[in-house]
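Here, each number is a calculation from the coordinates, and none is a lab measurement. A quick note: this is a predicted structure, and the numbers were derived from the prediction, not measured. Cβ placement follows ideal geometry from the backbone for every residue including glycine, while neighbour counts extend to all protein chains displayed.
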Amino acid sequence: MATQLEKAQTLAALHAAPEILRVVNVWDVISAQAIAALPETKALATAGHSIAASFGYPDGTIPLDVSLSMISRIVESTDLPVTSDLDDGYDEPGETVRRAIQVGVVGANVEDRLRPLDESVARVAAVIRAGEAEGVPFVLNARTDAFVRGGDRPIEASIADAIERGKAFLDAGANLVFVPGILDAAVTRQLVEGIGERKISVIGLPGSLTAAEYEALGVARVSYGPMPQRVALTALQDLAIDLYKDGVIPASTRALN
């Protein structure tokens with residue numbers, strides 16, 4: 001079984017590799033086991049939105065203790081590196097990451113929520129110091145909400161903001177800069193040129209580019225946030241509709257537990 005240090009090193013290497021890292025987000029033990037069982041899976045990423053929904057909380061409002069209780073169970077279910085969604089890091093991002101490391105996490109997304117730049121950079125630095133203090137080279141995917149919280153400002157302003165924040169986060173020790181939003185090729189190219197090749201992380205949403213297209217543009221990682229859970233719940237609801245119409249369980253159903 002890999003040590004936590006080895007898992008952190010593996011996760012960092014996966015982000016630095018020429019091939020884009022594809023992480024299909026999970027939200028509980030059974031979803032983690034289903035994804036971990038696939039030979040293509042190299043690391044697991046938890047979805048904060050999906051974990052919150054599982055416990056009945058709106059995105060971004062789940063108590064840290066509740067979130068970590070599920071993240072801990074996911075970590076215990078696999079020998080793969082696990083990177084977690086820690087929302088905005090809560091009140092003390094350094095302490096939040098220390099607690100995440102204690103349950104076996106080796107990387108995380110932490111949102112800036114468009115706080116003032118100096119405050120956002122200080123929070124990134126606190127995360128990095130926490131990893132150093134715990135002896136784990138913590139892989140921080142520092143998220144900027146330049147697009148998702150940018151309102152109706154011109155896209156050029158959001159691009160410039162994301163680049164400024166991204167470069168500052170990398171200087172403070174982050175491994176990657178996560179820029180969620182539906183990013184087309186032109187915008188993605190500008191972000192990569194401004195922040196760095198293999199330093200950008202994106203989210204795959206309906207209308208986004210494919211992972212291969214992002215890879216060709218120099219993106220390091222693509223994750224899928226709450227979308228895998230939404231796809232699973234859509235399938236569940238569609239099955240229920242069919243069963244209410246006197247349908248049957250499909251013969252292609254696999255036993256995953």
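Computed values, structure above
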item	result
Computed label-point distance, nm, for sites ASN257 and ALA37 using a 7 Å Cα→Cβ extension	1.2 nm
Estimated distance in nm for a label pair at SER69 and ALA212, the labels positioned 7 Å out from Cα along Cα-to-Cβ	4.4 nm
Extension reserve of the ARG113-ASP184 stretch, reckoned as 0.36 nm per residue once the Cα distance is removed	23.4 nm
Size of charge dipole - the range 92-222 - debye, nearest 20, with Cβ of Lys, Arg +1 and Asp, Glu -1, no other charges	240 debye
Tensor-based shape of the range 4-244 (alpha-carbon gyration tensor, a/c under 1.5 rounded, otherwise prolate or oblate)	rounded
Hull shadow area, averaged, the range 1-144 [alpha-carbon convex hull, nm²]	8.2 nm²
Cα-projected label distance for ILE249 with GLU134, points at 7 Å along beta-carbon direction, nm	3.9 nm
Span from the the range 52-66 Cα centroid across to the the range 180-256 one, whole angstrom	22 Å
Among LEU183, ALA240, ILE163 the positive-end extreme of the charge dipole of the chain (Cβ point charges)	ALA240
Lysine pair count for the chain [Cα-Cα under 21 Å; pairs on different chains or 8 or more apart]	4
